[in-house]
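Quick note: the coordinates plus some simple rules give every number you see, no bench work behind them. Model, not experiment: these values are computed from the prediction. We place every Cβ from the backbone using ideal geometry, glycine too, and count neighbours over all the protein chains shown.
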Amino acid sequence: MSQTAEIKVDGKTFELPIIEGSEGEKAIDISKLRAQTGLITLDPGFKNTGSTQSAITFLDGEKGILRHRGYSIEDLAEKSSFLEVAYLTIYGNKPSAEEIKSFQDEITKHTLVHEDIKKVLDGFPSNSHPMGVLSSLVTSLTAFYPESLDPNRSKDAVNLSIIRIIAKMPTFAAWAYKNKMGHPANYPDNSLNYGSNFLKMMFALPTEKYDVDPVVAKALDKLLILHADHEQNCSASTVRIVGSSQASLYASISAGINALWGPLHGGANQAVIEMLEAIKADGGDTSKYIEKAKDKNDPFRLMGFGHRVYKNFDPRARIIKKAADEVLEKLGVNDPILDIAKGLEEVALKDEYFVARNLYPNVDFYSGIIYRALGIPTEMFTVMFALGRLPGWIAQWKEMRENNEPIGRPRQIYTGSNHRDY
Ligand code: MLT
């Protein structure tokens, strides 16, 4: 393929460079288009527009490929751990035995949260959505660690900010849940690994002994791995554009949490269970809802099916489906909601209407099922997504800062009133 593209406007031909990535992806570099032609491009939702060049994650929506720093999601889910994947995603290579031990030790040192942050937590009524609590607690870190406000401080200072938020996110997430339950917040238990510490802070009660179920801890670690990064999704793009103004890591991550909250993004796993509960409340007739989903005049839409990037299947969904089956069997979970989910899954994988439209069960469909089986309440599902996506957000912010990328400032086509006298 030629290394340049031609665009012809009003009889004039302009040449634009074509760039190629390490996996053969090609893009027309339009960074000088307006200066050359006076024209801009228009691409609502940026579905045909690359915002950056990145070495973190490669995905191929047609072939169902997802890799982090070159390692397949299948290998990482099977052989790695969430903290190892976090290290790989953020720093670019798998850690040595010494590096991962130091990384884990550093994180353990910082799991405790300043006691005054409880005042932020206590300001939230118990009916607050945990995502709003989480984004506020993350933003409060800018007050307790003012040195984090400068993204251009030394590498060590930036790295300490990174360690602190990885260490404190599980504590914040568990506190958001305890606030909702009206239970006393638990403190981290540094004798436990990352996922087990989170589960204990979530579910331990002062009135009874709590032991982490290894099956649940293992399933959680795999779920976190599967959510670690997903190249330039809505929340990662939000983190990048907020960080591009040289806002701090914590301000950028907090913005990413709020972008993830929406039901079209990270909130989809919560919307899946709410859909299943509505079907159950209406008698549990999945065939009725399959027909509603096919009816163009019916506003009902199946949540948790298909994906805007993966055209044939989401590789994460295949892995998580297997994990869901294993967890449900090992925990002996018997839940009518999950039976309804199974019913929808069977139809979606066979029915020509869904197959022709690539409406297969996606990662949000299965993650909601597992989180529910693990005893995690529905409003916490997107918080779980945020916990998993944290390393990706950090890696995207760090890469954007290290590459000294310019402030994000898209253009527009104005369609409002022409000049009129006041
Ligand atoms: C994600 O993992 O961020 C979601 O699949 C959404 C996306 O990639 O657009």
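Once every DSSP H run of n ≥ 4 in the chain is given -39500 (n - 2.57) and the sum is divided by its residues, what mean residue ellipticity at 222 nm do you get, rounded to the nearest 500 deg cm²/dmol?
Rounded to the nearest 500, the figure is -16500 deg cm²/dmol.
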Determine ³J(HN,Hα), in whole Hz, for all residues of the stretch 24-33 in sequence, where each value follows from phi through the Karplus function 6.51 cos²θ - 1.76 cosθ + 1.60 and θ = phi - 60°; x replaces Gly and Pro. x, 5, 10, 9, 7, 7, 9, 4, 10, 4
Relative contact order for the chain: what percent, with Cα pairs under 8 Å and sequence separation of 6 or more? 20 percent
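Report, as a whole number in µm² per second, the diffusion coefficient that Stokes-Einstein gives for the stretch 206-254 at 4 °C and 1.567 mPa s using the Kirkwood radius over alpha carbon pairs.
For the chosen part, D equals 95 µm²/s.
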At a 10 Å Cβ-Cβ cut-off, how would you order Trp261, Trp175, fewest neighbours first? Trp261, Trp175
Provide the per-residue ³J(HN,Hα) series for the stretch 373-388, in order, calculated from phi with Karplus coefficients 6.51, -1.76, 1.60 and θ = phi - 60°, each as a whole number of Hz, with x at glycine and proline positions. 5, 7, x, 7, x, 3, 5, 8, 4, 6, 5, 5, 4, 4, 4, x
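Within 10 Å of each residue's Cβ, count the other Cβ atoms and sort Val355, Val133, Val272 from fewest upward.
Values: Val355 12, Val133 22, Val272 28.
Ascending number of Cβ neighbours within 10 Å: Val355, Val133, Val272.
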For a bin width of 20 Å, list the pair-distance distribution of the chain built from all Cα-Cα distances, rounded to whole %. 24, 54, 20, 1
Magnitude of the charge dipole, the stretch 70-411, Cβ model with Lys/Arg +1 and Asp/Glu -1, debye to 20: 660 debye
Distance between the C-alpha centers of the stretch 375-422 and the stretch 160-239? Whole Å please. 23 Å
Listed residues Arg153, Arg316, Arg240; largest mean-square fluctuation, Gaussian network over the chain with Cα springs below 10 Å, found at Arg153
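Strictly over 21 Å apart at the Cα level, which of Lys26/Lys222; Lys94/Lys330; Lys101/Lys321; Lys8/Lys32; Lys119/Lys178; Lys32/Lys398 would you flag in this model?
Details: Lys26/Lys222 32 Å; Lys94/Lys330 31 Å; Lys101/Lys321 31 Å; Lys8/Lys32 15 Å; Lys119/Lys178 14 Å; Lys32/Lys398 26 Å.
Beyond 21 Å: Lys26/Lys222; Lys94/Lys330; Lys101/Lys321; Lys32/Lys398.
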Within a 10 angstrom radius of the beta carbon, how do Tyr289, Tyr71, Tyr422 rank from fewest other beta carbons to most? Tyr422, Tyr71, Tyr289
Under the rule of at least 5 residues apart or a separate chain, name every residue whose amide H is placed under 5 Å from the amide H of Phe305. Asn362
With an 8 Å Cα cut-off and a minimum separation of 6 or more residues, compute the relative contact order for the stretch 143-237 in percent. 17 percent
Dipole size in debye (nearest 20) for the stretch 4-66 around its Cα centre, Lys and Arg Cβ +1, Asp and Glu Cβ -1? 240 debye
Roughly how far apart, in whole Å, are the Cα centres of the stretch 42-65 and the stretch 113-140? 34 Å
